[in-house]
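The values are calculated or read from the model by the stated rules, or taken from the named source; none is laboratory data. On a predicted model such as this, the values are computed, not experimentally measured, just so you know. Here the Cβ is made from the backbone with ideal geometry for all residues, glycine too, and neighbour counts use every protein chain on show. Ligands, DNA and RNA are stripped out before the accessible areas are found, and what is left, the full protein with its side chains, is counted by its heavy atoms. Shrake-Rupley method; radii C 1.70, N 1.55, O 1.52, S 1.80 Å.
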Amino acid sequence: MAEHRRPVLLAVDDDPHVLRAIRRDLSSAYRQDYRIVSASSAAEGLTVLDALRDRRDEPALLLVDQRMPQMTGIEFFAESLRRCPSARRVLLTGHADTEVAIDAINRVRLHYYLVKPWGPPDERLYPVLDELLADWRAGYQPPYGGIRVVGHRFSPAAHRVRDLLTRLQQPFQFVDVDRDPAGAGEDPADLPLVVLPDGTRLVRPSYEDLMETLRLAGSASRPHYDLVIVGAGPAGLAAAVYGSSEGLSTLLVDAYVPGGQAGTSSRIENYLGFPAGLTGAELTRRAVSQARRFGTEILSPVTVTGLRRAGRARMVVLGDGREIGAGTVLLSTGLSYQRLTAEGAERFEGAGIYYGATASETASCHGQRVWIVGGANSAGQAAVHFAQHADRVTLVVRAGSLDKGMSRYLVDEIALTPNIDVRLRTTITAVEGSDRLARISLRDLDSDSTTTEDAEYVFTYIGARPRTDWLDGVVRRDELGFLPTGADVCPAGHRPGGWDLPREPLPLETSVPGVFAAGDVRAGSMKRIASGVGEGAMAVAMIHRYRAES
């Protein structure tokens with residue numbers, strides 16, 4: 001631990017000989033773990049406490065003489081209460097002051113008094129201080145100097161901020177104003193509040209505010225790129241790595257943050273080359289670093305709202321109205337989880353009902369009961385993850401077994417985890433609560449009976465729909481919104497309208513020449529992380545072929 005971050009032992013005495021003896025004995029026993037600070041008057045001691053508080057340093061113990069001019073030791077302790085309420089307080093007294101010390105035990109939270117002289121310290125000083133410091137350490141939380149998020153635990157706006165910082169892998173401390181005194185005094189109208197290490201306060205920040213302030217937003221350095229990738233999930237990230245490493249000027253754009261649904265996965269255990277598994281966040285971090293190292297530029301959170309042809313170029317339209325030219329475009333926008341159709345569910349989004357979010361809520365769920373809705377791998381991974389923190393996890397599955405949509409390794413792990421139970425052939429039909437979720441209604445599909453259970457946390461992973469509405473009328477979509485590619489674009493050999501090339505679409509090419517699709521958004525894809533990565537790499541090969549023919 002850095003020197004200035006070690007907890008402080010403060011000795012206060014106006015007698016210089018006594019003060020030197022106190023410092024000597026404290027330093028002899030505690031200087032390895034604590035910083036020894038002394039003051040020769042009560043006023044100086046209070047100034048020291050104020051300085052420590054301003055630097056967010058923590059005094060662990062105050063050792064103060066009772067008989068000092070201007071202010072007694074007991075009066076000093078009274079003044080210190082609001083400055084350092086958790087510090088242990090020891091009063092140095094003479095025999096004549098023992099009754100005063102006893103009387104002050106409750107009044108100023110006095111923990112102990114020592115009659116001078118206190119030697120030999122091995123017998124009369126250290127055993128007392130050892131016990132007090134051990135007690136203090138048991139409840140001690142080191143000062144946090146990073147990003148702090150202040151808000152209500154079940155506030156949808158606070159959840160969005162926490163989730164974004166988690167996905168960006170920015171460490172932060174959440175201060176729940178309903179439970180943590182550190183949040184007292186903040187104006188409710190300012191919440192959620194983000195406080196940066198330099199003291200900057202962001203009131204109710206947007207995604208763009210956070211990204212800009214943290215200098216993570218990125219920018220497009222040119223008006224035209226060889227390849228613009230829309231969507232930074234596994235397929236988009238893989239294409240960025242292969243495209244930029246092979247000399248294509250590459251821009252990667254995402255409406256939120258890189259990673260996609262895979263970025264929220266708490267543990268991926270069947271990805272090639274990682275026998276111990278890895279989190280979606282770690283996979284994303286590695287891929288983003290790799291893409292940037294090869295020269296990929298990343299824009300996020302930036303929404304793409306349109307796509308149009310301009311001769312042989314493609315113009316990508318951003319949410320702010322800017323247009324960026326592209327020789328080729330890869331659509332890898334992935335899927336979004338379907339919303340819970342239970343009555344009242346929309347009201348509790350971010351206030352008890354969460355879609356695919358896990359890591360940002362892990363700490364809040366410690367010792368609680370968690371409900372997971374869904375029967376695919378993402379739901380199974382979430383159940384196993386939360387079982388390490390929650391008291392009980394219940395998996396709510398519409399199907400009659402887990403085997404239909406979940407990998408065998410997850411099915412086996414769920415069966416072996418004692419605090420996970422599975423409710424098959426069950427759906428959530430209604431949710432209730434006041435300002436946050438409190439209860440859910442569960443319907444058994446076989447008996448058609450309904451029961452009500454207490455619930456504060458419901459995480460849903462039920463099906464998914466492609467993010468392609470913005471492409472309507474531009475790129476051919478199937479009846480579910482997925483993007484046909486290759487031979488599927490030309491059923492019965494009929495080329496799509498507007499197709500102006502003498503050949504049929506290449507594998508992974510959509511109904512628009514030079515516009516490709518990869519990953520979950522592509523019709524017929526496998527909906528797995530590894531296959532998305534493979535398609536992203538394959539798309540770059542097809543893009544090279546397209547460029548060579550153009």
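Which residues, taken from region 148-197, are among the hydrophobic types (A, V, I, L, M, F, W, C) and part of a loop (DSSP other than H, G, I, E, B)? Please lay out each step first, then the result.
First, pick out the residues of region 148-197 that are among the hydrophobic types (A, V, I, L, M, F, W, C): 149-150, 154, 157-158, 161, 164-165, 168, 172, 174-175, 177, 182, 184, 189, 191, 193-196.
If the condition is that a residue be among the hydrophobic types (A, V, I, L, M, F, W, C) and part of a loop (DSSP other than H, G, I, E, B), then PHE154, LEU168, VAL177, ALA184, LEU191, LEU196 are the ones that fit.
Condition first: over 19 Å from ARG339 (Cα atoms) and open to solvent by less than 30 Å² (accessible area, probe 1.4 Å). Now tell me which residues in region 464-481 satisfy that.
The answer is LEU471, VAL475.
Confirm whether ASP520 is within 38 Å of the chain's Cα centre (by Cα) and open to solvent by 30 Å² or more (accessible area, probe 1.4 Å). Talk me through it step by step, then tell me what you get.
Details: within 38 Å of the chain's Cα centre (by Cα): yes; open to solvent by 30 Å² or more (accessible area, probe 1.4 Å): yes.
In short, yes.
Can you tell me which residues in region 249-267 are open to solvent by 10 Å² or more (accessible area, probe 1.4 Å), part of a loop (DSSP other than H, G, I, E, B) and aliphatic (A, V, I, L, M)?
ALA255
Would you check if ILE147 is out of contact with any Lys or Arg (no Cβ under 6 Å at 6 or more places or on another chain), among the β-branched types (Val, Ile, Thr) and open to solvent by 60 Å² or more (accessible area, probe 1.4 Å)?
Answer is no for this residue.
Take the residues in region 204-237 that are modelled with pLDDT under 95 and not in a loop (DSSP other than H, G, I, E, B), then tell me which one is surrounded by the most Cβ atoms within 10 Å (Cβ to Cβ).
Once the filter is applied, the top-ranked residue is LEU210.
Would you point out which residue out of PRO491, PRO507, PRO484 is out of contact with any Phe, Trp or Tyr (no Cβ under 7 Å at 6 or more places or on another chain), under 29 Å from GLY463 (Cα atoms) and surrounded by 20 or more Cβ atoms within 10 Å (Cβ to Cβ)?
That would be PRO484, the only listed residue that is out of contact with any Phe, Trp or Tyr (no Cβ under 7 Å at 6 or more places or on another chain), under 29 Å from GLY463 (Cα atoms) and surrounded by 20 or more Cβ atoms within 10 Å (Cβ to Cβ).
Taking ALA291, is it out of contact with any Lys or Arg (no Cβ under 7 Å at 6 or more places or on another chain) and crowded, with 16+ Cβ neighbours inside 10 Å?
So ALA291 fits the description; yes.
Count, please, the residues in region 12-57 that happen to be small (Gly, Ala, Ser) and part of a strand (DSSP E or B).
First, the residues of region 12-57 that are small (Gly, Ala, Ser): 21, 27-29, 38-43, 45, 51.
Adding the requirement that they be part of a strand (DSSP E or B) leaves 38-39.
Total satisfying the criteria: 2.
Please count how many residues of region 62-80 are open to solvent by 40 Å² or more (accessible area, probe 1.4 Å) and under 16 Å from ASP50 (Cβ atoms).
3
Test of understanding: among TYR242, TYR271, which residue is aromatic (Phe, Trp, Tyr), open to solvent by 50 Å² or more (accessible area, probe 1.4 Å) and closer than 15 Å to GLY536 by Cβ?
None of the others qualify; the one that does is TYR242.
Only residues in region 33-54 that are under 17 Å from ARG23 (Cβ atoms) count as the first member; pair them with residues that are among the polar types (S, T, N, Q) and part of a helix (DSSP H, G or I), Cβ under 7 angstrom, at least 6 apart or cross-chain, and list the lot.
ILE36/SER27
Has region 131-140 got at least one residue that is within 30 Å of GLY259 (Cα to Cα), out of contact with any helix residue (DSSP H, G or I) (no Cβ under 8 Å at 6 or more places or on another chain), of a type in the set (A, V, I, L, M) and in contact (Cβ under 8 Å) with a residue 40 or more places away in the chain?
Of the residues in region 131-140, the ones within 30 Å of GLY259 (Cα to Cα) are none.
No, region 131-140 has no match at all.
Just wondering, is there one or more residues in region 499-508 that are without any contact (Cβ under 8 Å) to a residue 12 or more places away in the chain and either assigned to a loop (DSSP other than H, G, I, E, B) or closer than 23 Å to ILE229 by Cβ (or both)?
Looking only at region 499-508, we keep the residues that are without any contact (Cβ under 8 Å) to a residue 12 or more places away in the chain, and these are 502.
The next check asks that each one be either assigned to a loop (DSSP other than H, G, I, E, B) or closer than 23 Å to ILE229 by Cβ (or both); those that pass are 502.
Looking through region 499-508, at least one residue is without any contact (Cβ under 8 Å) to a residue 12 or more places away in the chain and either assigned to a loop (DSSP other than H, G, I, E, B) or closer than 23 Å to ILE229 by Cβ (or both).
Testing GLU282 on (1) assigned to a helix (DSSP H, G or I); (2) over 26 Å from PHE386 (Cα atoms); (3) without any contact (Cβ under 8 Å) to a residue 24 or more places away in the chain, one condition comes back false. Which one is that?
For GLU282, the failing item is (2).
Out of the strands (runs of 3 or more DSSP E) lying entirely within region 379-458, which hold 2 or more residues that are open to solvent by less than 70 Å² (accessible area, probe 1.4 Å), of a type in the set (Gly, Ala, Ser) and at pLDDT 95 or above?
On the way: elements: 392-396, 420-423, 426-433, 437-444, 450-454.
Ranges flagged: 426-433, 437-444.
Condition check ((1) farther than 24 Å from ALA184 by Cβ; (2) open to solvent by less than 10 Å² (accessible area, probe 1.4 Å)) across all residues:
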site: ARG6; (1), (2): yes, no
site: LEU9; (1), (2): yes, yes
site: LEU19; (1), (2): yes, no
site: ASP50; (1), (2): no, no
site: LEU92; (1), (2): yes, yes
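Has region 335-355 got any residue that is at pLDDT 90 or above, part of a strand (DSSP E or B), surrounded by fewer than 24 Cβ atoms within 10 Å (Cβ to Cβ) and hydrophobic (A, V, I, L, M, F, W, C)?
So far as region 335-355 goes, yes, one or more of its residues are at pLDDT 90 or above, part of a strand (DSSP E or B), surrounded by fewer than 24 Cβ atoms within 10 Å (Cβ to Cβ) and hydrophobic (A, V, I, L, M, F, W, C).
Considering only residues that are small (Gly, Ala, Ser) and over 20 Å from the mean Cα position of the chain (by Cα), look in region 291-307 and name the one that is nearest to TYR207 (Cα to Cα). Steps first, answer last, please.
Applying the first criterion (small (Gly, Ala, Ser)) to region 291-307 yields 291, 295, 300, 306.
After this cut, where a residue has to be over 20 Å from the mean Cα position of the chain (by Cα) as well, the list is 291, 295, 306.
Working: ALA291: 22, GLY295: 24, GLY306: 21 Å.
So, considering only residues that are small (Gly, Ala, Ser) and over 20 Å from the mean Cα position of the chain (by Cα), the one nearest to TYR207 (Cα to Cα) is GLY306.
Identify, from the list ARG293, ARG312, ARG308, the residue that is among the charged types (D, E, K, R) and over 23 Å from SER550 (Cβ atoms).
On the way: ARG312 fails: over 23 Å from SER550 (Cβ atoms); ARG308 fails: over 23 Å from SER550 (Cβ atoms).
On inspection, the qualifying residue turns out to be ARG293.
Could you tell me which of the residues ASP13, ASP57 is more than 17 Å from LEU125 (Cα to Cα), surrounded by 13 or more Cβ atoms within 10 Å (Cβ to Cβ) and either charged (D, E, K, R) or without any contact (Cβ under 8 Å) to a residue 12 or more places away in the chain (or both)?
Numbers: ASP13 fails: more than 17 Å from LEU125 (Cα to Cα).
Result: ASP57 is the single residue among ASP13, ASP57 that is more than 17 Å from LEU125 (Cα to Cα), surrounded by 13 or more Cβ atoms within 10 Å (Cβ to Cβ) and either charged (D, E, K, R) or without any contact (Cβ under 8 Å) to a residue 12 or more places away in the chain (or both).
Here are the criteria: (1) free of Cβ contacts under 8 Å to residues at least 12 places away in the same chain; (2) out of contact with any Leu (no Cβ under 9 Å at 6 or more places or on another chain). Tell me which single one CYS365 does not satisfy.
(1)
Look at PRO127 and say whether it is over 20 Å from PRO85 (Cβ atoms), part of a helix (DSSP H, G or I) and not β-branched (Val, Ile, Thr). Before the answer, list the steps.
On the way: over 20 Å from PRO85 (Cβ atoms): yes; part of a helix (DSSP H, G or I): yes; not β-branched (Val, Ile, Thr): yes.
Answer is yes for this residue.
What are the pairs with Cβ atoms under 7 angstrom where one residue, in region 159-174, is closer than 16 Å to ASP209 by Cα and the other, located anywhere, is outside any strand (DSSP E or B) and aromatic (Phe, Trp, Tyr)? Sequence gap at least six, or different chains.
LEU164/TYR207
On the given criteria, is ALA104 in a helix (DSSP H, G or I) and out of contact with any Pro (no Cβ under 9 Å at 6 or more places or on another chain)?
Values: in a helix (DSSP H, G or I): yes; out of contact with any Pro (no Cβ under 9 Å at 6 or more places or on another chain): yes.
Considered against the rule, which asks whether it is in a helix (DSSP H, G or I) and out of contact with any Pro (no Cβ under 9 Å at 6 or more places or on another chain), ALA104 comes out as yes.
Give the residue that is modelled with the highest pLDDT, with candidates limited to residues of region 113-141 that are over 25 Å from GLN66 (Cβ atoms) and surrounded by 11 or more Cβ atoms within 10 Å (Cβ to Cβ).
Applying the filter and picking the extreme gives ARG137.
For region 1-11, which positions are in a strand (DSSP E or B) and of a type in the set (D, E, K, R)? Talk me through it step by step, then tell me what you get.
Keep residues of region 1-11 that are in a strand (DSSP E or B), which gives 8-11.
The answer is none; no residue qualifies.
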